[in-house]
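The next block holds one structure in the form of structure tokens; read it before the comments.
The values are calculated or read from the model by the stated rules, or taken from the named source; none is laboratory data. Everything numeric in this text was worked out from a predicted model, so none of it was measured. Positions of Cβ are generated from backbone atoms using ideal geometry, with glycine treated the same way; all protein chains shown enter the neighbour counts. SASA here: full protein model, heavy atoms, side chains in, ligands and nucleic acids out. Shrake-Rupley method; radii C 1.70, N 1.55, O 1.52, S 1.80 Å.
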2 protein chains.
Amino acid sequence: MRAQPGRSVTSKVLALLAVFTPASPALTLSELARRAGLPLSTVHRRVAELVEWGALERGDDGRYRIGLRLWEVGSLAPRGLALRELALPVMEDLYEVTHENVQLAVRQDLELVFIERIAGRYAVPVLTRVGGRFALHATGVGLVLLAHAPAEVQEQVLAAPLERYTDLTITDPRRLRGCLAEVRRVGYAVSDRQVTMDALSVAAPIRAPEGVLAAISLVVAHDRADPVALAPLVQAAGRVLSRALGASRRPPPARVPLPPDQRRQ
Amino acid sequence: MRAQPGRSVTSKVLALLAVFTPASPALTLSELARRAGLPLSTVHRRVAELVEWGALERGDDGRYRIGLRLWEVGSLAPRGLALRELALPVMEDLYEVTHENVQLAVRQDLELVFIERIAGRYAVPVLTRVGGRFALHATGVGLVLLAHAPAEVQEQVLAAPLERYTDLTITDPRRLRGCLAEVRRVGYAVSDRQVTMDALSVAAPIRAPEGVLAAISLVVAHDRADPVALAPLVQAAGRVLSRALGASRRPPPARVPLPPDQRRQ
DNA sequence: CGTCGAACTTCCGCTGGGTGAAAGTGCCGG
DNA sequence: CCGGCACTTTCACCCAGCGGAAGTTCGACG
């Protein structure tokens, strides 16, 4: 075949799924082919099979969308719906008490993924979406997840340029390193206007026996926020969930062997 | 190859995803192979690619689980998370007013899939799960979805044996046909102890321009239920969501050409 | 109403990615 | 030390998948 070697059928199928994004959840066959970098006839064949199984659905407009069957399978992800089911009651409690935005996120590679969100109608608007991604170095949940990530992940994030969202976003690797150490020391993270100039978030880790699995946070308007008052609330929620996940009462030893200021590699 | 012809690579990949169920969300390689009916070496190769992409994840115990990446893609399904995002505020309103279970479901083939559920802590326990499936002929949401399904779907459901869950489950096709006509006439469905002997549900359709897209319901203890009082609440919720989806104020003409009692095929 | 173009579908002969039995490896528990 | 189980790798064969190109459908435009 003319196909460049090294492109497996499976990789093509996965590439077709990967071209769907929150910004483009419905695509025509040609768009699919173009974005996946595959010949039209190839896409036509693969997509037909995906539709038959239910991984994709074809709308009346001829566009393809992600199918309900794939949603069903995806909902079996332990770090997705399973975690959400566990956390939702606790998140609702936090919402009852504060009526602010409550967020739940996990780390995936060098970014975070929002698993659940309770958006208060009268709370400060947040730009996150369930299933959406975000950088690790700015949000409250991101700082918690990064602070407890394996050292190599931290190094990779610190080595790459840190995108600036506001004037208060931490973009200096050395400052971020210190911030992460502080997060580990006090057990929670505060992101004050580091993503938008109107919001502040306070986040705490959710631990499983294997380490920090997720993070939970409150996002509030920065001018009516008292991080020190919110921290115990969020930490308590994190601890309830950690216990449910079987983490020992005492946090396990830090995942980073040496304090950041002693690492001069 | 020795493989029986007609088994495409894509179908094998999808078969591997399909063996994950709510009852078995974590499987070893051998289990995957056995359940998918594929040779171990084949599964080994395909699974390696799925893990690399993030469709599956391998735990410390060596078992494979659905990966977060697949959850992310699945969350782009318009009939999944998108519908949920739209409906959740309305569902929360219903919950505030009643403090009973609120459910949201869509039809997939000859079954229904639960998209979202708000389970009251003190409400009657329900056995449904987000992402879970159920038969169409027993629950409130099921009756609504079936009543407004294309005629051929109705015929297929009516032709197959109707599983009995309680003494009150409708298992006679003729009675079910009449029940569906009634659901279309009054605009809501009541399932009184047809699934379990302690629960009753009241459901209403959610319409889009193309037809009934989903159903919303309240599930309450049968002995403290007044279906006639609950129906307007649920119907109002359905109508709010229908309007948001662009359905005209007046319901479109019935999807079933002839009233059931005139169809004597 | 005919023409054009874009999007989609089908066709066909070639070929390398996929195959699965079997051998190899690693890890228990006895 | 051995047998058993689960997983990984190997290898020669060959058909599923390939993609260019031709065919079809459909709506827009003059």
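Please name all residue pairs, on different chains or six or more residues apart, with Cβ atoms under 7 Å, provided the first residue is in the stretch A:163-188 and is of a type in the set (Gly, Ala, Ser) and the second residue is open to solvent by less than 30 Å² (accessible area, probe 1.4 Å) and assigned to a helix (DSSP H, G or I). Going by the 7 Å Cβ cut-off, the qualifying pairs are A:178/A:260; A:181/A:260. Of the numbered conditions (1) away from DNA strand C (no atom under 16 Å from the Cβ); (2) open to solvent by 20 Å² or more (accessible area, probe 1.4 Å), residue A:60 fails exactly one; give the number of that condition. Going through (1) away from DNA strand C (no atom under 16 Å from the Cβ); (2) open to solvent by 20 Å² or more (accessible area, probe 1.4 Å) one by one, residue A:60 breaks only (1).
Taking the stretch A:13-92 as the region of interest, the helices (runs of 4 or more DSSP H) fully inside it that hold 1 or more residues being facing chain B (nearest Cβ under 7 Å) are A:40-53, A:68-74.
When residue A:77 is tested against (1) farther than 19 Å from residue A:204 by Cβ; (2) more than 15 Å from the chain's Cα centre (by Cα), just one condition goes unmet, and that condition is (2).
Can you tell me which residue within the stretch B:29-57, out of those that are more than 10 Å from DNA strand C (Cβ to nearest atom) and charged (D, E, K, R), is nearest to residue A:15 (Cα to Cα)? Per the criteria, the residue is B:52.
Considering the stretch A:150-183, the residues that are polar (S, T, N, Q) and not in a helix (DSSP H, G or I) include one that is most open to solvent (accessible area, probe 1.4 Å), namely A:171.
Counting the residues of the stretch A:109-149 that are among the basic types (Lys, Arg) and not in a loop (DSSP other than H, G, I, E, B) gives 2. Just so you know, in the stretch A:93-109 the residues that are open to solvent by 10 Å² or more (accessible area, probe 1.4 Å) and within 13 Å of chain B (Cβ to nearest Cβ) include one that is farthest from residue B:121 (Cα to Cα), and it is A:109. Looking across the stretch B:15-28 at every residue that is among the hydrophobic types (A, V, I, L, M, F, W, C) and away from DNA strand C (no atom under 12 Å from the Cβ), the one that is modelled with the lowest pLDDT is identified as B:23.
The condition of being modelled with pLDDT of 95 or more and open to solvent by 50 Å² or more (accessible area, probe 1.4 Å) holds for residue B:69.
For residue B:83, the criteria (1) surrounded by 19 or more Cβ atoms within 10 Å (Cβ to Cβ); (2) not assigned by TED's automatic domain parsing to the domain that holds residue B:129 hold in every case but one, which is (2). Against the criterion of being in contact with a Pro (Cβ under 7 Å, 6 or more places away or on another chain) and open to solvent by less than 40 Å² (accessible area, probe 1.4 Å), residue B:132 qualifies.
Per the conditions (1) closer than 17 Å to residue B:231 by Cβ; (2) surrounded by 15 or more Cβ atoms within 10 Å (Cβ to Cβ), the sole criterion not satisfied by residue B:186 is (2).
In a residue-by-residue description of the stretch B:142-157, the property of being in contact (Cβ under 8 Å) with a residue 24 or more places away in the chain and in contact with a Gly (Cβ under 8 Å, 6 or more places away or on another chain) applies to at least one position.
Each residue in the stretch B:19-28 was checked for being buried (at least 16 other Cβ atoms within 10 Å of the Cβ) and within 12 Å of DNA strand D (Cβ to nearest atom), and 2 of them qualify.
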